[in-house]
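Scroll down for the structure; my scribbles are underneath it.
We did not get these values from a lab; they are worked out from the coordinates using the rules stated. What you see is a predicted model, and the numbers here were worked out from it, not measured in a lab. Cβ coordinates were reconstructed from backbone atoms using ideal geometry, including for glycine residues, and neighbour counts include every protein chain displayed.
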Amino acid sequence: MFRLSKITDYGIVLLAHLAKRAPGLGTQATSHNARELASEVDLPVPVVSKILKSLTRAGVLESHRGAKGGYSLARRPEDLSVVEMITALDGPVALTQCNMGTEVCEHEGSCAVRNPWQVINQVVRYSLSGVTLADLINPSFSAQHAPLSSLGRYMQGEPPRSRVS
């Protein structure tokens, strides 16, 4: 099963929370400390601290020192894609081992489905790169993109249609 780690899931929740509280254009960024963020999103402080440090190292957040220190978004929510958020916390999006690089899998040379999986991985990465943090906090985002015809059938329990006859 393809699933985000809890750390990435919580990290995106934190980023969405920060984005909702971000000031408008032309105003100075407000920083939020780990303890206050943990309380506001109902997560343990050590987990939030770990996530904030990882996102800062990846350049997604900025760290501010001092009495009013804390963390703020390094970029506008419109400029931060879901694939960048996932990569910052979990590493590159790779659905199979062979998508992580060459010579990772011992069956690479004889694998019949390596190339199709690479195409699928590119499609997933492309899709995730088209969704931003601003989209995630936009209440009408889901309504604008649903129902996708095949997704709608799938969600109702109908199996996907095969293209092979």
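A few comments on the model shown:
- Legend: ranking of residues Asp42, Asp9 from fewest to most surrounding C-beta atoms inside 10 Å; resulting order Asp42, Asp9.
- Local charge for Ser81 was computed over the other residues whose Cβ lies under 15 Å away, with Lys and Arg +1 and Asp and Glu -1, and equals -2.
- Highest-first arrangement of 51-64, 126-139, where packing means the average Cβ count within 10 Å: 51-64, 126-139
- Straightening the chain between Asn138 and Val119 buys 3.9 nm, computed as 0.36 nm per residue apart minus the Cα-Cα spacing.
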